[in-house]
Amino acid sequence: MVENIKTVAEKRNYSVLNVKSAKKVALLWLEQVRLENAVNFGLPEVDDRYHYWRVPLIGKNDEGELGEIVIDARTSLIIQDKSTNASTLEARLLGRNGTESRITNAKSNGKYELSSMRNVIALGDSEEILQDLPANSVNLVFTSPPYFNARPEYNDYIDYEEYLLKIRKIIRQAHRVLSDGRFFVMNVSPILIRRSNRNKSSKRIAVPFDMHRLFIEEDYDFIDDIIWEKPEGAGWATGRGRRFAADRNPLQYKPVPVTEYILVYRKRTDKLIDWNIRAHPKPELVKKSKIADDYEKTNIWRITPTYDKRHPAIFPLELAEKVISYYSFKEDIVLDPFAGIGTTGKAAIKSGRRFVLVEKEKKYLNIIKDEAKSWLGKNATDILTINCSPINVDDILL
């Protein structure tokens, strides 16, 4: 009986286990830069010292070795700064020395490269997960951070300052992975800390204004504040305003909150927003991404809240779809570092984008994995899963 000997990749539990898988990941990147018909692969090799797969690139018309694509074997993500960039490959295909080719740095030539990331679902703390994502690999961040101690299930922080510090770290990591001049959009609202007994007052914390300070300090520019207005009566469940409604005494007046903020920030850059449109490598995608006539013309968006018994605080799919359509292009990568049950991912797929969803609670992540089957069908098996099992093709109705 022949003993089944494991490969190095299998022993190390890599996401990219073999030559075939490495070529598949590399091909996805070549398709993004539209060079799949001009380049062949050499023999991929695993470098287990650095946990890389190196995929040599060879010209189809005897141009010799043109460069290589370096893949993180543990996550299957392209390591952009170690791989040969698209412009150098183009120059070598044209017979020019790579060092004389046009530089791919966005600040030097006014172009940026499309992200090679595929759809990703990750279990874990966003602060840690984002450290492993390639720089400039995400085109939009849209999220709603967990409330600070608004409900018992969110009681994860010693005090409010610790909560803000955690959010700051994630905003900082998102800045690194966000591509030049692109947007971070956050849904956030003030919160009410209920009084512990009748002799003490409740406390309302102006969370959006503290978030603004974090974004500015972490090298983002403020763009817009959008007000999400809910239908009249939506806020009565909080109990706020009932005392005044009964007594009508001055000083007791407290309006019922029926709004939340959608704060819009842009990663600081010396380029105008129009640069992201003019320099896009695929003008046809820019054209396909144009907004229809029935767009929101003011910063007041009237959207009915959504409720789901599987999660205590979700935002409406309609809200996510609007943000994604207004602040990204087709085929862009949309990141949600507090994914919940995956509303951002569903909206991204409906809008022709890709997603990176990070969630630390396993019960919610399992819901995302299950929901992804309805979003993508059999293509859900192509989702990169980090710190969790892959999506099972046998569970998907083909």
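Observations on the structure shown:
- Residues with amide H under 5 Å from that of Gly67, placed H, sequence gap 5 or more: Leu57
- Legend: distances between Cα atoms for Lys203/Lys297; Lys350/Lys378; Lys230/Lys297; pairs beyond 23 Å are Lys203/Lys297.
- With contacts taken as Cα pairs under 8 Å at a separation of at least 6 residues, region 8-104 carries a relative contact order of 22 percent.
- Average projected area [Cα convex hull, region 120-395], square nanometres: 16.6 nm²
- Relative contact order %, region 120-395, counting alpha carbon pairs below 8 Å whose residues are six or more apart: 26 percent
- Per-residue ³J(HN,Hα) for region 260-272, Karplus 6.51 cos²θ - 1.76 cosθ + 1.60, θ = phi - 60°, Hz, x for Gly and Pro: 9, 9, 10, 8, 10, 10, 10, 4, 4, 7, 8, 9, 6
- Selection among Ala292, Asn392, Gly342 by position relative to the dipole of region 286-398 gives Ala292 as farthest towards the positive end (Cβ unit charges, Cα centre).
- The H on the amide N of Ser144, modeled in the peptide plane, is under 5 Å from the matching H of Asn187, Phe338, each at least 5 residues off or on a different chain.
- Share of pairwise Cα separations in region 283-342, more than 19 Å, in percent: 42 percent
No lab work stands behind these numbers, since they all come straight from the coordinates. This one's a predicted model, so the numbers in the text were calculated from it and none came from an experiment. Cβ: placed from backbone, ideal geometry, glycine included. Neighbour counts: every protein chain shown.
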